[in-house]
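To start, the structure under review is shown below, and the notes come after it.
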Amino acid sequence: MILVIAEQRAGKLNRATWEALAAAQQLGEPVTVLVPGASVGAPAAEIAAAQVAEVVTLEHSALEPYTADGYAAALQPAIAQLAPAYVFLPHTYQTRDFAPALAARMDRALITDVTAVKTASGNPAFARPMFQGKLTADVVLQGPAPHFATIQIGAYRADKAARGSSPAPVRALTVQVDASAIRQQAEAPFQEARQAVDLSQAERIVSVGRGIKEQSNIPLAQQLADALSAELAASRPICDAGWLPMERQVGSSGQTVAPKLYLALGISGAIQHLVGMKGASTIVAINKDPDAPIFEVADYGIVGDIFEVVPAMINALKS
């Protein structure tokens, strides 16, 4: 059995849970979802729509408010009761906080930032980027079960997680936690700056690269984004130059995205950028260089000047 640990906050399921579930379903083994927290009825009912063997809720005062100590202390006995072969988690800020402590507490192997789940010699192999995305390593976890894996945001599409014909059964799990073992005191949850944007949640993205030439041309890309009801993003050189804020960078050193539509304007397609957006459902690239690497991953490619093509697209969308 494969166990997916869901992430929720204030009763709202993080979409990355569906992505981790889609990865778990690739192995073809029964999948169980564990929903930890307080008042988790709503997120448990939502994830029960998936094609899973069951949904298990874990409600305990040690889980609310969130602390890494509390999650590690509560999840260890829960995992011991469920006895999975693998534990999949979304690679979020919260998971990165508690998963290493949990794996160390259980003395089990942990592989992070997984982009693909494969099979090697009959065993699951986990692909993860190395050296800022320049290489991809296939890792086979060794040692006793369970093995832990965190799934990179955007590596799998949430809408690819299989749904069941009827809701999966939901049951509650009870664990004992020593409250004195929780050493941390939670403060208010971290909030990004007000102007920050979570590109991983965007359904459409218009992204600009060096082909935009100068900062004064950014408004043209913004007009196209507005016409598509899309978010504006960029490759690293644009953000390094200060033309757009760093939170709008896509790539190995920025955000990883998997929108329904990714429109690349004047982006050559360096590997560091591709690893951040290759999970998009539909990729449209506009570049005047017919040999640009971006065309190798694009579903639709337009060889042309973005300053001629983009205005025409905006006019067509407005009409």
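The values are calculated or read from the model by the stated rules, or taken from the named source; none is laboratory data. Worth saying up front: this structure is predicted, and the values here are computed from it rather than measured. Heads up, the Cβs are rebuilt from the backbone with ideal geometry, glycines too, and the neighbour counts pull from every protein chain shown. When the accessible area is computed, the model is the full protein with side chains, heavy atoms only, and any ligands, DNA or RNA have been set aside. Shrake-Rupley method; radii C 1.70, N 1.55, O 1.52, S 1.80 Å.
Numbers below:
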| item | result |
| --- | --- |
| Charge tally in the Cβ shell below 13 Å around HIS60, where Lys, Arg are +1 and Asp, Glu are -1, HIS60 excluded | -4 |
| Helix 93-106 vs. the chain, principal-axis angle (Cα, 0 to 90°, nearest 10) | 40 |
| Net charge contributed by nearby residues that have their C-beta within less than 9 Å of ALA116 (K/R +1, D/E -1) | +1 |
| Excluding exposed DSSP-loop GluC sites (Glu not before Pro) (at most 13 other C-beta within 10 Å), longest clean stretch of the chain | 1-186 |
| Lysine pairs in the chain with Cα atoms under 18 Å, if 8 or more residues apart or on separate chains | 7 |
| Top of VAL177, VAL208, VAL55 by mean-square fluctuation, Gaussian network on the chain, Cα under 10 Å | VAL177 |
| Angle in degrees between helix 218-228 and the longest Cα principal axis of the chain, rounded to the nearest 10 | 60 |
| Residues with amide H under 5 Å from that of GLN255, placed H, sequence gap 5 or more | GLN249, VAL250 |
| Beta bridges by DSSP in the chain, antiparallel share as percent, to the nearest 5 | 20 |
| Sequence-distant residues sharing a close amide H with TYR86 (under 5 Å, placed H) | LEU3, HIS147 |
| Degrees, to the nearest 10: 16-25 long Cα axis against longest axis of the chain | 70 |
| Burial ranking of peptide ranges 106-116, 268-278 (average Cβ count within 10 Å, highest at the top) | 268-278, 106-116 |
| Accessible carbon and sulfur surface of the chain relative to its total accessible area, %, 1.4 Å | 49 |
| Among SER281, SER207, SER252, residue whose mean-square fluctuation peaks in a GNM of the chain (springs only between Cα atoms under 10 Å) | SER281 |
| Computed [θ] at 222 nm, helices only, for the chain once each DSSP H run of length n ≥ 4 contributes -39500 (n - 2.57) | -7500 deg cm²/dmol |
| Candidate values (1) 19.9; (2) 18.1; (3) 17.1, label of the one derived for mean projected area of the Cα convex hull in nm² | (2) |
| Radius 15 Å from Cβ of VAL35, net charge of other residues (Lys, Arg +1; Asp, Glu -1) | -1 |
| Whole-number percent relative contact order across the chain, with pairs defined as alpha carbons under 8 Å at least 6 apart | 16 |
| Longest exposed-site-free window of the chain, the sites being chymotrypsin sites (Phe, Trp or Tyr not before Pro) in a DSSP loop that have at most 15 other C-beta atoms within 10 Å | 1-130 |
| Max mean-square fluctuation residue, GNM over the chain, Cα-Cα springs under 10 Å, options ARG128, ARG15, ARG210 | ARG210 |
| Region 51-187, Rg to Rh (Cα coordinates; Rh as Kirkwood inverse mean 1/r) | 0.98 |
